[in-house]
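A.B. asks: Before anything else, here's the structure in question.
The values are calculated or read from the model by the stated rules, or taken from the named source; none is laboratory data. No experiment lies behind these values; they were computed from the predicted model shown. Here the Cβ is made from the backbone with ideal geometry for all residues, glycine too, and neighbour counts use every protein chain on show.
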């Protein structure tokens, strides 16, 4: 029995090295990790698709209605900040620097058109009883329009806060009436009774009457409001704006007989505008 055990141990001693040589070498974890990494890196990556360029500017025009007048305006906008909000939102998430031009007329709340049968067989015509001056303004302003609400997707409404201020060139033009007693006449303290007497008024004079007497009155203005953009396309502009404005001039503005002149105006406004962006 001892002899057999010796043979068995001898056989195992000879076979063990051969068995170990036949086994494959162990694969280290780091080698397997390296192979996996190479496999991922060799995968084909999808090409990057470039989005449209961020908008840079805009140009628009519109009509503005005040509680005491009306105006037409043109806006030139410089867009800023589109790149800061990512490709998806860059068309809407922006701030706009505005350069604004406006021509407007300020009317007194007591202005009422009249049309009386004129005496002496003259043809009747409409006029404003007691009006002293037409008051026009040419405004040049600078401001900003900042988005405060709304989605960046096309076809949705965005809401912006807008504020603009600048120089206002006031233009006072005498208002002429065609009087039966004196023809085309502007108001003065000496002819007040004749100027406001309906029986003496034929109608208003020609619009061009008084242009040579226009008086320049400088001033400042400030306007602020909410701007609602309804444009369906990224390069279109269609908006409604509502807000308040104030103006101050270097002298009192006389508009109506019997009404104390004042150098300032405060009003509410609503405007609609159309334009394009690029």
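A.B. asks: Does residue 194 count as surrounded by fewer than 19 Cβ atoms within 10 Å (Cβ to Cβ) and modelled with pLDDT of 95 or more?
C.D. replies: no
A.B. asks: Next question. So residue 231 passes all but one of these: (1) over 30 Å from residue 59 (Cα atoms); (2) modelled with pLDDT under 95. Which condition number does it fail?
C.D. replies: For residue 231, the exception is condition (1).
A.B. asks: When the residues of region 154-190 are narrowed to those that are out of contact with any strand residue (DSSP E or B) (no Cβ under 9 Å at 6 or more places or on another chain) and in contact (Cβ under 8 Å) with a residue 24 or more places away in the chain, which ends up farthest from residue 126 (Cα to Cα)?
C.D. replies: Selected residue: 154.
A.B. asks: Let me ask something additional. Within region 230-278, which residues are over 29 Å from the mean Cα position of the chain (by Cα), under 15 Å from residue 106 (Cβ atoms) and exposed (fewer than 15 other Cβ atoms within 10 Å of the Cβ)?
C.D. replies: 251, 252, 259, 261, 262, listed by residue number.
A.B. asks: Does region 158-177 include one or more residues that are assigned to a strand (DSSP E or B), more than 36 Å from the chain's Cα centre (by Cα) and over 25 Å from residue 248 (Cα atoms)?
C.D. replies: Within region 158-177 (the criterion being assigned to a strand (DSSP E or B), more than 36 Å from the chain's Cα centre (by Cα) and over 25 Å from residue 248 (Cα atoms)), the answer is yes, since at least one residue qualifies.
A.B. asks: Next up: For the structure I just gave you, tell me whether residue 70 is under 29 Å from residue 272 (Cβ atoms), modelled with pLDDT under 95 and in a strand (DSSP E or B).
C.D. replies: Spelling it out, it is not the case that residue 70 is under 29 Å from residue 272 (Cβ atoms), modelled with pLDDT under 95 and in a strand (DSSP E or B).
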